[in-house]
Each structure stands twice: as structure tokens, then as C-alpha cells.
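The block underneath contains the structure these notes are about, expressed in C-alpha cells.
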Amino acid sequence: MEQELSLQSHSKIIISEKSNHIIMSHLWIRLLLIATTVKSILGLLILFLLLGLSLSILIIGLHFRQSRHCPIDSRISLFLILAGIASIEWIVLSIILSIITIVLKHIRSIILVVFIILLASIIFITNIILFVWIICGSVWTLKVFDHVQYTNPSVNTFCQQTLYQFSLGYLFVSYILTALQCWYRLCIVIFCSVQEQYGI
């Protein structure tokens, strides 16, 4: 009798593991994980460096949030504040998800699988919102590029030099990192599809 219960519980575990493996092997779930996680310690270190950059973006935006610091376009500080918050959320969730996927390679719990899919979906949506917000910030920052001056705060064309140049630098770094991330993710997707096609 005990052997039957043991065999039944063992078979339920095997069925549960197989169903979780089937869930995780769906193409859209794999692509979602590819788009939102890193698979190495080096990737985690890069995320921690980006977290430091995001914190500095938030601090600069908060420090110069009053309109007197940038009367030419006061939305530049708002851009940095919200970009910093969204970046911090994205990076922290990416670090959590990446650690889970690195440490727990063989996911056995359906609750954990659902949690991973939910977390990856939130990260993906945050990335889209952040990308749109960076486009808005680009418009606000670059629109005044030819007219901005840093010396006379009483003129409407004034913007605090640290705020404006930090905004420009952040935009530059954001576009470069976005291009590199898209290229990297595309290579991973191509590699996974070739690997699946040829059974490597």
C-alpha cells in the first residue's frame, strides 16, 4: 500500500515536472525570457552598473526638479526623474528574474513558473514604456539644443549645465545600449532557433 502511494506521488511529481517543462518550452515564453533576463554573472554585473547609472539619473533629476533650474524646458528634469524610476524598476526586476533563472535551471513549481512569466511580462512592458519615455525626453532635450545657454539664469533659454548635459549623456547612452541589447537579443533568438531546428 505504501509503495502504491509512493509510486503515485512520484508519478504526480514527474507529470508536474513534465507539464512545467512543456509550459516553459513554449516559444513565446522562451522569447519572453530571452528578452528580459541575463544568463551570466557578467550580465548581472552589467545590470548592477546600470543600476548605479539609473540612481544617478534619478538623483540629478530630483536635485534640479524646480523650473528655475531649466526654464527653457522644465520637463527635462521630469524626464530624468521618471526615466530613473522606470530604469530602477526594470533593472531590479531583471536582476531578480535573472537570479531565479540562473539558480533554478530546472523549475519544478507551477507557481514559480507563473511568477516568472508574470515578472518577465512586467519587465517587457516596462521596457516598452521606458523606450517611449526616452523618445519623449529626446524631443524635449534636443528641441532646445541650439538655443540652450548655461550662463544667464534670468533668461528663458537658461538650463543648468549639469542637468542638460547629463540628460544628453543619458540619451546617448540609452540609444547605444538599446541598439546593443536589440542586437544581442536578436543573436540569441537566431541561435536558439538554429539550435532547435538542427537539434543541437
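The values are calculated or read from the model by the stated rules, or taken from the named source; none is laboratory data. Note that this is a predicted model, so its numbers are computed, not measured. Because the Cβ atoms are built from the backbone with ideal geometry, glycine has one as well, and the counts that use them run over all protein chains shown. Accessible surface areas use protein heavy atoms only, side chains included; no ligands, DNA or RNA. Shrake-Rupley method; radii C 1.70, N 1.55, O 1.52, S 1.80 Å.
Residue pairs whose Cβ atoms lie under 7 Å apart, sitting 6 or more positions apart in sequence or on different chains, and linking a residue in the range 51-73 that is touching a residue at least 60 places away in the same chain (Cβ under 8 Å) to a partner that is surrounded by fewer than 17 Cβ atoms within 10 Å (Cβ to Cβ) and polar (S, T, N, Q), are ILE60/THR162; PRO71/ASN156; ILE72/ASN156; ILE72/THR157. When LEU112 is tested against (1) open to solvent by 30 Å² or more (accessible area, probe 1.4 Å); (2) in a helix (DSSP H, G or I); (3) at pLDDT 85 or above, only condition (3) is not met. Checked against (1) under 23 Å from ARG185 (Cβ atoms); (2) of a type outside the set (Val, Ile, Thr); (3) open to solvent by less than 60 Å² (accessible area, probe 1.4 Å), LEU118 passes all but a single condition, namely (3).
The condition of being among the aliphatic types (A, V, I, L, M), surrounded by 12 or more Cβ atoms within 10 Å (Cβ to Cβ) and over 24 Å from PHE64 (Cβ atoms) holds for only one of ILE134, ILE188, ILE129, that being ILE188. Among the residues of the range 93-104, some residue qualifies, meaning at least one is modelled with pLDDT of 85 or more and open to solvent by 20 Å² or more (accessible area, probe 1.4 Å). Of all residues in the range 156-176, those satisfying the criterion of being open to solvent by 50 Å² or more (accessible area, probe 1.4 Å), in contact (Cβ under 8 Å) with a residue 60 or more places away in the chain and out of contact with any His (no Cβ under 7 Å at 6 or more places or on another chain) are ASN156, THR162, PHE166, VAL173.
Those residues that are hydroxyl-bearing (Ser, Thr, Tyr) and assigned to a helix (DSSP H, G or I), I need them from the range 116-160; list them, please. First the steps, then the outcome.
Our first condition is that a residue be hydroxyl-bearing (Ser, Thr, Tyr); within the range 116-160, this holds for 121, 126, 138, 141, 150-151, 154, 157.
SER121, THR126, SER138, THR141, listed by residue number.
Only one residue in SER77, SER67 is open to solvent by less than 80 Å² (accessible area, probe 1.4 Å), among the hydroxyl-bearing types (Ser, Thr, Tyr) and either within 20 Å of VAL173 (Cα to Cα) or at pLDDT 95 or above (or both). Which one? Walk me through how you get there before you give the answer.
Working: SER67 fails: either within 20 Å of VAL173 (Cα to Cα) or at pLDDT 95 or above (or both).
None of the other options fit; the residue is SER77.
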